[in-house]
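Let me begin by presenting the structure, written as C-alpha cells, before commenting on it.
The values are calculated or read from the model by the stated rules, or taken from the named source; none is laboratory data. All values derive from a computational prediction rather than experimental measurement. Here Cβ is always computed from backbone atoms with ideal geometry, including for glycine, and neighbour counts include all displayed protein chains. Note: areas computed on protein heavy atoms with side chains; ligands, DNA, RNA excluded. Shrake-Rupley method; radii C 1.70, N 1.55, O 1.52, S 1.80 Å.
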Amino acid sequence: MVIRIAAVGDVHLDEDVVGRFRPALEQLPDSADVLLLAGDLTRHGTEAEARCVAREFGDLGVPVVTVLGNHDHQCDQVPQVVKVLEDAGITVLEGTGTVVECAGGRLGVAGVKGFGGGFAGRCASDFGEPEMKSFVRTTRESADALAAALLSLDCDALVALTHYSPVPDTLVGEPPEIYPFLGSYQLGQAIDSAPTALALHGHAHHGTERGTTPGGVLVRNVAHPVIKQAYSVYHLGDQVD
Ligand SMILES: [Fe+2]
C-alpha cells in the first residue's frame with residue numbers, strides 16, 4: 001500500500017496571493033491523502049495573513065498539517081496565527097506529532113520549525129558569549145523535540161516536517177555563507193535517530209529539491225520557489241518516490 005503526501009512550503013500568503021493556489025488545491029484529493037505545509041505560510045506572521053492561509057488551505061477534503069516558519073514569527077503573533085489555522089482545521093506542529101489515517105496506512109508526522117547553526121565542519125558551537133550559546137541551544141532544543149516527537153508516534157510510515165533544513169544538500173543554489181542561517185545538522189541527526197522515511201522542509205528558496213541525511217533518509221526541499229508548482233506529491237510505500 002502507498003501513502004500519497006502532497007507538500008509545499010514558503011507560500012508567503014497575504015491578500016494579494018489568496019486564490020493563486022486554490023485551483024490546484026481543489027484537485028489535490030485526487031492525487032494525495034494529506035497535505036503537509038513546511039512553514040512560512042505568511043509574509044509577516046500577522047493574524048490577518050493567517051486568515052488568508054485559512055481561506056486558501058482550509059476545507060480541502062484531506063487533512064492539512066503544518067509547521068510555522070521564521071516569517072510566521074515576525075510580528076510576535078504566533079498564538080493568534082496558530083488559533084486561526086487550527087480553527088480552519090489545520091494541525092499545527094511544534095515539537096509534537098500527529099497520526100493521519102490514510103487508505104495506505106497510518107502516516108505519522110512529527111514537526112518543528114527548527115533553527116539554524118550550520119553543518120558538519122562549518123557550524124556554530126556552544127561556546128563563548130551568552131548570545132551564541134543561546135543560538136546553539138535553541139537549535140539543540142528544537143532537534144531534541146523533533147527526535148522525541150518522531151519516536152513517540154505509532155504508525156506505518158514516519159515523516160519529519162521542518163521549516164529549516166536538516167541537510168546542506170537541499171541548500172545548493174543558496175550562497176554558502178548563509179547556510180548556517182538556513183538549517184542545522186542537528187535536525188538531520190534527530191531525523192536519523194528514528195525510523196523516518198522522508199523529511200520535508202522549506203526556507204531555502206534558491207535551494208535544490210533533493211537530498212539525503214547522513215543516515216540515508218530522503219530529504220525534499222518543498223519551498224514553493226524550488227518546486228515551482230502548488231505542491232509536489234511523494235509516494236511512501238516499499239520505496240519513496
Ligand atoms: Fe523561511
Quick one: count up the residues across the range 70-97 that are in contact (Cβ under 8 Å) with a residue 40 or more places away in the chain and within 13 Å of L36 (Cβ to Cβ).
3
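Do we have L85 as farther than 24 Å from Q189 by Cα, open to solvent by less than 10 Å² (accessible area, probe 1.4 Å) and away from the ligand (no atom under 16 Å from the Cβ) here? Spell out the reasoning first.
Working: farther than 24 Å from Q189 by Cα: yes; open to solvent by less than 10 Å² (accessible area, probe 1.4 Å): yes; away from the ligand (no atom under 16 Å from the Cβ): yes.
Answer is yes for this residue.
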Whether any residue in the range 88-95 is buried (at least 18 other Cβ atoms within 10 Å of the Cβ) and under 30 Å from K133 (Cα atoms) is what I want to check.
yes
For N221, only one of the following conditions fails: (1) of a type outside the set (G, A, S); (2) open to solvent by less than 10 Å² (accessible area, probe 1.4 Å); (3) more than 15 Å from the ligand (Cβ to nearest atom). What is its number?
(3)
How many residues does the range 123-139 hold that are exposed (fewer than 15 other Cβ atoms within 10 Å of the Cβ) and either aromatic (F, W, Y) or touching a residue at least 24 places away in the same chain (Cβ under 8 Å) (or both)?
1
Say whether the condition of being open to solvent by less than 30 Å² (accessible area, probe 1.4 Å), in contact with a Leu (Cβ under 7 Å, 6 or more places away or on another chain) and of a type in the set (V, I, T) is met by at least one residue in the range 160-172.
yes
Answer residue from the range 192-216, given it is under 15 Å from the mean Cα position of the chain (by Cα) and open to solvent by less than 10 Å² (accessible area, probe 1.4 Å) and is farthest from the ligand (Cβ to nearest atom) among those
L198
Considering every residue within the range 61-75, establish whether at least one is closer than 21 Å to R22 by Cα, surrounded by fewer than 20 Cβ atoms within 10 Å (Cβ to Cβ), in contact with a strand residue (DSSP E or B) (Cβ under 9 Å, 6 or more places away or on another chain) and not acidic (D, E).
yes
Just checking, does the range 227-234 include any residue being in contact (Cβ under 8 Å) with a residue 12 or more places away in the chain, within 15 Å of the chain's Cα centre (by Cα) and within 16 Å of the ligand (Cβ to nearest atom)?
yes
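If we keep just the residues of the range 173-191 that are open to solvent by less than 30 Å² (accessible area, probe 1.4 Å) and touching a Pro at 6+ places or on another chain (Cβ under 7 Å), which is nearest to the ligand (Cβ to nearest atom)? Break it down stepwise before answering.
The first filter runs over the range 173-191 and keeps only residues open to solvent by less than 30 Å² (accessible area, probe 1.4 Å), leaving 174, 182-184, 186-188, 190-191.
Retained after the next criterion (residues that are touching a Pro at 6+ places or on another chain (Cβ under 7 Å)): 183, 187-188, 191.
Numbers: G183: 10, L187: 14, G188: 18, I191: 19 Å.
Within the range 173-191, the match that is nearest to the ligand (Cβ to nearest atom) is G183.
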Exactly one of A120, A103 is within 30 Å of D238 (Cα to Cα), modelled with pLDDT under 95 and loosely packed, with under 13 Cβ neighbours inside 10 Å, and that residue is A103
Only one of D126, D72, D76 is acidic (D, E) and under 15 Å from the mean Cα position of the chain (by Cα). Can you tell me which?
D72
